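The values are calculated or read from the model by the stated rules, or taken from the named source; none is laboratory data. Note that the structure is a prediction, hence the values are computed from the model and not measured. Because the Cβ atoms are built from the backbone with ideal geometry, glycine has one as well, and the counts that use them run over all protein chains shown. These accessible areas exclude ligands, DNA and RNA; they are computed on the full protein's heavy atoms, side chains included. Shrake-Rupley method; radii C 1.70, N 1.55, O 1.52, S 1.80 Å.
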Amino acid sequence: MHILDTEGLTKRFPTVTALDGLTVTTGPGVTGLVGANGAGKSTLIKILLGLLPPTAGGARVLGLDVTTRGADIRRLVGYMPEHECLPPDVSATELVVHLARMSGLPRTAARERAADVLRHVGLAEERYRPIGGYSTGMKQRVKLAQALVHDPKLILLDEPTNGLDPRGRDEMLTLIRRIGAEFGISVLVTSHLLGELERVCDHVIVIDAGRLLRSSAIGEFTQATRSVTVEVDEGTQALAERLAELGHGVAPHGRMLLVEVTGPDTLDAIRDATADLGLCLIRLERGRQRIEDVFRETAGV
Amino acid sequence: MSEIYDIGYRHYDGPRLGRGHTTRALAVHSLRGVFGLGRPARSKLVPFSLAAIMVLPAIVSIAIMALMRRAGMSYSGYAVIMQAVVAIFLAAQAPTVVAPDLRFRVLPLYLSRPVTITEYVGAKVVAMTVALYALLAVPLTVMFAGELLIDLPGPPRTKEYVGAMLTGLLLAVLLAAFGLAIASLTPRRGLGVASVIALYLLASASVPIMYSTLLSAGNDAAARWAWLLNPFWLVDAVQVWVFGTTPNSEGGYPGGPVSFVIVVLLIAAAMAALALRYRKAASR
Ligand SMILES: Nc1ncnc2c1ncn2[C@@H]1O[C@H](COP(=O)(O)OP(=O)(O)OP(=O)(O)O)[C@@H](O)[C@H]1O
Ligand SMILES: [Mg+2]
């Protein structure tokens, strides 16, 4: 069964078309939904929750139609909003127990489940303190816990890594991977960085201005994203030529170079080439390119 | 992350209860919030102090009945006499019911669950109604229990007590719907408190002035209408119409069901305002 499928899904707001004839399907596992700001990611999630009616086309979540079976979908799905949504004066435990009851769990089950999921997301003693005093990372975990507390079949995570430092980001991504792989809960997770999702997703959907750019298994993306950004002080051209001579895929990208990584020796080659040419290496970064860059690259622009 | 989360995930296969359960749970949760239960002690201070003040006249009344062997305070006049305390309670506590969820954008966490906006608003109105009703019904009942125990000469004022309990419920619904509608317009709690209290002060201070002005202009009939501008006298007018009690206003009220019709229209208007407000909040 498809976890979600949309058919010509369109959403027009008075001044913008947020989704434009989107047709995609995904199966179980972790699906990344990638797009720049305003691409329509959050709009798609709200439609999938049955909270926003589509202008045209349709969508189904777990086989249920979003326009007619919204309430049933919301019983089976968990949602983590992109914005802050936590009251500061209650504790994580209190909030998550209460929201579990709002999902229909009896009181005792709500308490047990809340304690369980808060442990799973890594909130220990602090869960009894008011949320107002939490760090951004802890708040994101509470938001994730409330999405999981009723043991949904699918969770929709809207920019869960937003505002996190690199370590927090890593921990959140690891957790998402676990949810998909070990908890057996399907995940739809949005981000504007393809690079950060590639480690945790089985499938990636890329949208831009409400249109589908690409939807495929992660393997097909790795070619595009397994590249590093290289920035040198001067002599970019010389470095590009040297690497090309050595048989590496090199594409200029503004003042920087995108080099395709074929194995561990690619990084060694970059290091050696810069050293040989006596260049000053400013940046060597992987996996954090913006999605537009990836597409510029794959499209061969 | 630490190793503590390293335990297997357990699925939940127990019961998932329906709308009745979730709505009731939300109403109870909100009601506890009104009285600051499960919150720090300072959140309980205001509601419980006001509730205590509400009971004081009932206790004094019992003392009068016991010591002086004569009827104490009237049941039908309790709400009108204590109106300032009830209004302060409404102003202070209505924002705690609606403001945090709006201000901190918690609403999406409810709406992404099987809870509908109607159930959400309904549960909030029920919670505030029950709180206000408790504020009125407890002293009335304490006083009535006292009267029965003391066993004054003559029959107990059962009809007046029952009438006051029923009109108290109507008053509670009216005040809850209105108070929440006003409080929901601003996500800021302080502003909500100030708006409700300002509106009440306007309605309570201006009414006697209007009444005496119209009266001195020789317009007795119009003067009696002035009382209906204040919710406590308005509901008292309903009580006079239904139970034939003595009016708690100078000069009485316009006769007939007009006061009841006004109450119903006001409740409907407040509920419509709440519905609109939340429809807008939900679409954010
Ligand atoms: N309620 C609304 N009314 C009008 N326009 C809206 C509304 N919600 C979203 N939009 C517009 O629709 C477009 C898509 O918005 P959406 O929030 O879905 O993007 P997004 O991919 O989630 O972006 P971000 O990465 O910034 O969260 C944007 O142009 C946005 O301004
Ligand atoms: Mg968004």
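Please state the relative contact order of chain A as a whole percent: Cα pairs under 8 Å, 6+ residues apart?
Working: 574 pairs, mean separation 60.0, N = 301.
Computed over chain A, the figure is 20 percent.
What FRET efficiency would be calculated for the residue pair A:Ala275, B:Leu201, taking the C-beta separation as r and a Förster radius of 60 Å, to the nearest 0.05?
On the way: r = 80 Å, r/R0 = 1.33.
For A:Ala275 and B:Leu201, the calculated efficiency is 0.15.
Which whole-Hz ³J(HN,Hα) couplings does the stretch B:63-74 yield from phi under the Karplus relation 6.51 cos²θ - 1.76 cosθ + 1.60, θ = phi - 60°, glycine and proline marked x?
These are the phi-based 3J(HN,Hα) values: 4, 4, 4, 6, 7, 9, 6, 9, 4, x, 4, 6 Hz.
So what's the back-of-envelope 222 nm ellipticity for chain A, counting only DSSP H runs of four-plus at -39500 (n - 2.57) apiece and dividing by all residues, rounded to 500?
On the way: 11 runs with 112 residues, N = 301.
One gets -11000 deg cm²/dmol as the mean residue ellipticity at 222 nm.
What is the distance in Å between the Cα centres of the stretch A:21-96 and the stretch A:142-202?
Value for the Cα centre distance between the two parts: 14 Å.
Given H placed on each backbone N at 1.01 Å, which residues far from A:His253 in sequence or on other chains put an amide H within less than 5 Å of it?
For A:His253, the qualifying residues are A:Leu258.
At 25 °C and 0.890 mPa s, grab the translational diffusion coefficient of the stretch A:4-221 from Stokes-Einstein with a Kirkwood Rh over Cα pairs, rounded to a whole number in µm² per second. Mind dumping the intermediate values first?
Values: Rh = 17.5 Å.
The calculation lands on 140 µm²/s.
How large a share of the accessible area of the stretch A:4-221, in percent, is made up of carbon and sulfur atoms when the probe is 1.4 Å and the other protein chains stay in place? All intermediate terms of the calculation are to be shown ahead of the outcome.
Numbers: 3680 of 7580 Å².
Carbon and sulfur atoms account for 49 percent of the accessible area of the stretch A:4-221.
Under the rule of at least 5 residues apart or a separate chain, name every residue whose amide H is placed under 5 Å from the amide H of A:Gly29.
Residues meeting the amide H criterion: A:Ser186, A:Val187.
Which entries in the list A:Lys11/B:Lys280; B:Lys124/B:Lys280; A:Lys41/A:Lys143; A:Lys41/B:Lys124; A:Lys143/B:Lys44; A:Lys46/B:Lys280 go over 23 Å, if you measure between the two C-alpha atoms of each?
A:Lys41/B:Lys124; A:Lys143/B:Lys44
Can you pull the mean other chain C-beta count within 10 Å for peptide B:111-121? All intermediate terms of the calculation are to be shown ahead of the outcome.
Numbers: counts 6, 19, 15, 11, 6, 3, 1, 0, 1, 1, 0.
Partner Cβ neighbours, averaged per residue: 6.
Using Cα atoms only, what is the angle between the long axis of helix B:19-34 and the major principal axis of chain B, expressed in degrees (0 to 90) to the nearest 10?
70 degrees
Under 10 Å, Cα contacts only: if you run a Gaussian network model on chain B, which one of B:Gly20, B:Gly146, B:Gly36 comes out with the highest mean-square fluctuation?
In the Gaussian network model the winner is B:Gly20.
I'm a student and want to see the number: the projected area of the Cα convex hull of the stretch B:61-161, averaged over all directions, in nm².
Working: hull surface 34.0 nm².
Taking a quarter of the hull surface, the average projection is 8.5 nm².
How much accessible area per residue does chain B have, counting only protein heavy atoms and a probe of 1.4 Å, in square angstrom? Intermediate results must be reported in sequence, preceding the final value.
Numbers: 13020 Å² over 284 residues.
Per residue, chain B has an accessible area of 46 Å².
Over chain B, with a Gaussian network built from C-alpha contacts below 10 Å, which listed residue (B:Ile267, B:Ile117, B:Ile209) shows the highest mean-square fluctuation?
Of B:Ile267, B:Ile117, B:Ile209, the Gaussian network model singles out B:Ile209 as fluctuating most.
Using the Karplus curve 6.51 cos²θ - 1.76 cosθ + 1.60 with θ = phi - 60°, what ³J(HN,Hα) values do you get for each residue of the stretch B:237-252, in whole Hz, with x for Gly and Pro?
Ordered by residue, 3J(HN,Hα) equals 4, 5, 4, 4, 5, 7, 10, x, 6, 6, x, 9, 10, 6, x, x Hz.
Dividing the alpha-carbon radius of gyration of the stretch A:1-104 by 2.2 N^0.38 Å (N being the number of residues), what value is obtained? Walk me through the numbers on the way to the answer.
Values: Rg = 15.2 Å, N = 104, 2.2 N^0.38 = 12.8 Å.
Ratio of Rg to 2.2 N^0.38 Å for the stretch A:1-104: 1.18.
Tell me, what ³J(HN,Hα) does each residue in the stretch A:71-77 have, in order and in whole Hz, if you take phi through Karplus 6.51 cos²θ - 1.76 cosθ + 1.60 with θ = phi - 60° and put x for Gly and Pro?
5, 5, 4, 5, 6, 9, 10
Mean projection of the alpha-carbon convex hull of chain B over all orientations, in nm²? Mind dumping the intermediate values first?
Working: hull surface 81.8 nm².
Spelled out: convex hull of the Cα atoms, projected over all directions, averaged, 20.4 nm².
Under a GNM of chain B (C-alpha, springs under 10 Å), which listed residue has the highest mean-square fluctuation: B:Ala221, B:Ala134, B:Ala237?
B:Ala221
Computed over the Cα atoms of the protein assembly as shown, what is the convex hull's projected area averaged over all directions, in nm²?
Values: hull surface 139.3 nm².
About 34.8 nm², averaged over all directions.
Accessible area per residue, 1.4 Å probe, Å², for chain A: what's the number? It would help to have the intermediate numbers written out before the result.
On the way: 12360 Å² over 301 residues.
Computed with neighbouring chains in place, this is 41 Å² per residue.
Helix-only estimate, please: 222 nm mean residue ellipticity of chain B, summing -39500 (n - 2.57) across DSSP H runs of length 4 or more and dividing by its residues, to the nearest 500. Walk me through the numbers before you get to the answer.
Details: 11 runs with 208 residues, N = 284.
Value at 222 nm, helices only: -25000 deg cm²/dmol.
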